[in-house]
Amino acid sequence: MHAEPITCYRPRPEAAAELASLPYDVYDRASAAAFVAAHPRSFLAIDRPEASFPPDHDPYADDVYQRAHDLLAERVSDGTLLRDGTPCYYLYRLVKEGREQTGIVAACAIDDYANGIVRRHELTRPVKEDDRVRHIEATGCQTGPIYLAYRDNPVMEALVEAAKLSDPLYDFTDEQGVRHTIWRVARPAAVESFRAMFAYVPCAYIVDGHHRAAAAARVCRRMRTEGGDGHTGDEAYNYLLCALFPAGQLTVEPYDRVVADCAGLDEEGLVASLEACGMLVSARRPEPVLPSERGRFGMYAFGAWRELSYVGPRPDDPAGALDVSILQERVLGPVLKVADPREDPRVSFVGGVEGPEELVRRAGDKGVAFSLHPTSMAELMAVSDAGLLMPPKSTWLEPKLRSGLFIRRVSHRHSLLDGCRRRAGEKDQ
């Protein structure tokens, strides 16, 4: 695959912890507004610019995206963001509760995304994709890395460990207790070693960032058309800002489901319907059920937990064999009348890190919640390799990458960012 070193805007070291924020899609509008109000210099104010407007303001209005551009320009103007014009790779290590993972921040070719070398497993929603397209067009930048996994490669890991012997560029612990450490790899010999090794990586898998990737690809297609005969293929817009991690280092958490009602069933009717659909249903129990293996589910309804077990045959295709697919086909669809979990407003999704207390709270007296065993990285890669799609919200990766640490300029149309001009001869990547 093609993974090139990048030039970027990045925070000055003493500002990194304050600026870096969780990804834009972790928040709903209300929680984003609350966070930005409490942390006005957080990068979330740029990533979710509607957070600075009243709740009734159209989040997709032109002035919202202009606000993202203006705030980004302010951070460049006041020195919070500095321009690093030397093409380099960055190493990004995250440590949470003793678990460590180290990825490589690079620019991956959009042609590799289009040709299936950078593989996807999720459909995108047009509204969310359009939002990120307009954000890129307004700021001229890609502002959050796409989270990729590649199959473990011992030679690449040796390069990474050698580069980590130098002093880090950033080293801070966030409010969630995750330690973020970043190294800059700029020595020409080291850069060429990483570039050469990426040529031996056959493919990578999107684990988070499908909408950002799709939006960047759309912007690229438009800019190629506008470039006409002047398009060379080397322009910055031909590449995606990515962070690539060895699959063996990643931790996938469960992504649980809550349905706001029981589709008119009482407790006895719910249990009977589940059993008729091939599920074994345990007796009521007070303690939460957190599945420890595939084929088992926790269910909270009518004030108690039960364990559901599926022991029947699984479909041959890797997507249909997932626990999230079994739950949809055996329970959510036929029993609770959820035809499409992406569109049904009765359905909400809860990252497993939020715990069973959140499931109980959301289910309340009328709803039903389900806890799942996490989808594995091996399952994710099998689905992607087969060219299939997972149900929505099948994986929750922890810890999350922070946005605002690497910002790639992909358009050099007139912008307030031009106050920090490139040095002669510099080329974005």
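Brief remarks on what is shown
- Of all residues in the range 328-345 being assigned to a loop (DSSP other than H, G, I, E, B) and of a type in the set (Asp, Glu), the one that is surrounded by the fewest Cβ atoms within 10 Å (Cβ to Cβ): Glu343
- Per the conditions (1) more than 20 Å from Pro315 (Cβ to Cβ); (2) of a type in the set (A, V, I, L, M); (3) touching a helix residue (DSSP H, G or I) at 6+ places or on another chain (Cβ under 9 Å); (4) at pLDDT 90 or above, the sole criterion not satisfied by Leu416 is (4).
- The condition (being surrounded by fewer than 22 Cβ atoms within 10 Å (Cβ to Cβ), out of contact with any strand residue (DSSP E or B) (no Cβ under 9 Å at 6 or more places or on another chain), of a type in the set (Val, Ile, Thr) and touching a residue at least 24 places away in the same chain (Cβ under 8 Å)) is satisfied by just one residue among Thr124, Thr80, Thr102: Thr124.
- The listed residue being within 23 Å of His210 (Cβ to Cβ) and surrounded by 14 or more Cβ atoms within 10 Å (Cβ to Cβ), out of Ala33, Ala45, Ala107, Ala73: Ala107
- When Arg119, Arg134, Arg125 are checked against the criterion of being charged (D, E, K, R), in the same structural domain as Asp28 (by TED's automatic domain parsing) and modelled with pLDDT under 95, Arg125 stands alone in meeting it.
- Close Cβ contacts (under 8 Å, 6 or more residues apart or on different chains) running from residues in the range 353-373 that are in the same structural domain as Gly298 (by TED's automatic domain parsing) and assigned to a helix (DSSP H, G or I) to residues that are charged (D, E, K, R) and surrounded by 15 or more Cβ atoms within 10 Å (Cβ to Cβ) comprise Val353/Glu253; Val353/Glu398; Leu359/Asp256.
- Condition check for Ser273: hydroxyl-bearing (Ser, Thr, Tyr), at pLDDT 95 or above, farther than 29 Å from Met377 by Cβ and out of contact with any Lys or Arg (no Cβ under 7 Å at 6 or more places or on another chain): yes
- At least 3 residues being over 21 Å from Ala16 (Cβ atoms) is the threshold, and among the strands (runs of 3 or more DSSP E) wholly inside the range 54-169 those reaching it are 99-109, 146-150.
- Checking each residue in the range 127-161 for being among the charged types (D, E, K, R) and buried (at least 20 other Cβ atoms within 10 Å of the Cβ) picks out Asp131, Arg132.
- Wholly within the range 192-308, strands (runs of 3 or more DSSP E) carrying at least 3 residues that are closer than 30 Å to Phe406 by Cβ: 204-208, 239-246, 251-253
- Restricting the range 30-53 to residues that are assigned to a loop (DSSP other than H, G, I, E, B) and touching a strand residue (DSSP E or B) at 6+ places or on another chain (Cβ under 8 Å), the residue that is nearest to Val127 (Cα to Cα) is Phe43.
The values are calculated or read from the model by the stated rules, or taken from the named source; none is laboratory data. Because the structure is a prediction, the values reported are computed rather than measured. We place every Cβ from the backbone using ideal geometry, glycine too, and count neighbours over all the protein chains shown.
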